[in-house]
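Remarks on the structure that follows.
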There are 2 protein chains.
Amino acid sequence: MTESDRAVVARSLVQQCLYGRLQVKPPTQDSEAEWVEIQRGMVVYICFFKGATEEIIPKIVSTLLNVKLCETETGRYVSVLDLPGNVLIVPQATLGGTAKGKSMQYHANIGKEEGMQLYASFVAQCEKELSSSSKCTESGVLVKHGTYGNRQVLKLDTNGPYTHLIEF
Amino acid sequence: MTESDRAVVARSLVQQCLYGRLQVKPPTQDSEAEWVEIQRGMVVYICFFKGATEEIIPKIVSTLLNVKLCETETGRYVSVLDLPGNVLIVPQATLGGTAKGKSMQYHANIGKEEGMQLYASFVAQCEKELSSSSKCTESGVLVKHGTYGNRQVLKLDTNGPYTHLIEF
């Protein structure tokens, strides 16, 4: 079976931002909402499909962190590791939807437990890559991420989102 | 040839927003930048591929304006026409990209002239649909759109983008 014959196991959407703010804990009666934020960098929305396993995670991480989608001050495009830029990871199961009449169906989406594990691995491996890049550690860029299963209350400020879809 | 056999001719990405602001004219030496903005509604990023023609536009418009992706105050999902909500259309050719090594390629994207015409039709037909909905005209919701070919400087404020990919 060639690469192109197998079903897609993950879908990512990448947008560039100048600033991003994401709620990671909703407000309760006793506490205020909690947020994470990043300055200039990349927002990665990620969704896993049935059939995705840990094996695919390194490829996703490597592709997203090395693809040249980040604009430098001089208008060149480099990877987020090279910029260096921050990374905001947003779990987004809705990306797995398929339009069926006037509704969306999510039959191909991975189960909640498995999805949560893959998401945790993806976040951890992104963090590891950034922390092993001297360029990134010196400039202090960070990986921030949303809470799997939560409503992803998000604010974005961009100089052009330059939206890309990358499937695995 | 069945529907599923033919190549995709358009890719849209839909996000929900509480507020969206998009630059439609960059600043010059003599003038400030011009922006459009919407309150609560739907952001539609749109990209056309080679092979797209005027014939597909009504289907795209009908699908996007009628699919139930907009959340009501009570947490139900309805169409943007039913909400009723505003629509912010963002031309986004980058959505047509394919990862090739560390770069993106856009070989499948439609040519600039054709793309501009299809985009204009898409915008016009969205406007027509909203203006022929009494619910929409009574509530004063609007269609706003970006300038084809420009940098899409965008600010978004969401209560969860609830991102969906819909291809045609």
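Here are some notes:
- Count of the stretch B:1-10 residues which are in contact with a strand residue (DSSP E or B) (Cβ under 6 Å, 6 or more places away or on another chain) and assigned to a loop (DSSP other than H, G, I, E, B): 2
- Single residue of the stretch B:85-110 satisfying the filter (assigned to a loop (DSSP other than H, G, I, E, B), more than 13 Å from chain A (Cβ to nearest Cβ) and touching a strand residue (DSSP E or B) at 6+ places or on another chain (Cβ under 7 Å)) that is least open to solvent (accessible area, probe 1.4 Å): B:Gly85
- Residues of the stretch A:118-159 that turn out to be without any contact (Cβ under 8 Å) to a residue 60 or more places away in the chain and more than 14 Å from every other protein chain (Cβ to nearest Cβ), as a count: 16
- Residue match in the stretch B:11-30 (condition: open to solvent by less than 60 Å² (accessible area, probe 1.4 Å), assigned to a loop (DSSP other than H, G, I, E, B) and among the small types (Gly, Ala, Ser)): no
Here is a yes/no grid of residues against (1) closer than 18 Å to A:Gln15 by Cβ; (2) touching a strand residue (DSSP E or B) at 6+ places or on another chain (Cβ under 8 Å):
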residue	(1), (2)
A:Met42	yes, yes
A:Gly51	no, no
A:Glu54	no, no
A:Asn66	yes, no
A:Val78	yes, yes
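- Scanning the stretch B:112-126 for residues that are in contact with a Leu (Cβ under 9 Å, 6 or more places away or on another chain) and either of a type outside the set (A, V, I, L, M, F, W, C) or on the phi > 0 side of the Ramachandran plot (or both) turns up nothing.
- Filter result for B:Glu167 (open to solvent by 20 Å² or more (accessible area, probe 1.4 Å), within 21 Å of B:Val24 (Cα to Cα) and out of contact with any Phe, Trp or Tyr (no Cβ under 8 Å at 6 or more places or on another chain)): no
- When each of A:Gln105, A:Gln117, A:Gln125 is tested for being in contact with a helix residue (DSSP H, G or I) (Cβ under 7 Å, 6 or more places away or on another chain), modelled with pLDDT of 95 or more and of a type outside the set (A, V, I, L, M, F, W, C), the lone residue that passes is A:Gln125.
- Verdict on A:Gln39 being assigned to a loop (DSSP other than H, G, I, E, B), away from chain B (no Cβ under 12 Å) and surrounded by fewer than 22 Cβ atoms within 10 Å (Cβ to Cβ): no
- Filter result (at pLDDT 95 or above, open to solvent by 50 Å² or more (accessible area, probe 1.4 Å) and either away from every other protein chain (no Cβ under 14 Å) or within 15 Å of A:Lys128 (Cα to Cα) (or both)) within the stretch A:51-84: A:Gly51, A:Thr53, A:Glu54, A:Glu55, A:Pro58, A:Lys59, A:Ser62, A:Thr74
- Verdict on B:Glu113 being in a helix (DSSP H, G or I) and surrounded by fewer than 21 Cβ atoms within 10 Å (Cβ to Cβ): yes
The values are calculated or read from the model by the stated rules, or taken from the named source; none is laboratory data. Every value quoted in this text rests on a predicted model; they were computed, and no experiment measured them. Every residue, glycine among them, receives a Cβ derived from its backbone with ideal geometry; neighbour counts consider all protein chains shown. These accessible areas exclude ligands, DNA and RNA; they are computed on the full protein's heavy atoms, side chains included. Shrake-Rupley method; radii C 1.70, N 1.55, O 1.52, S 1.80 Å.
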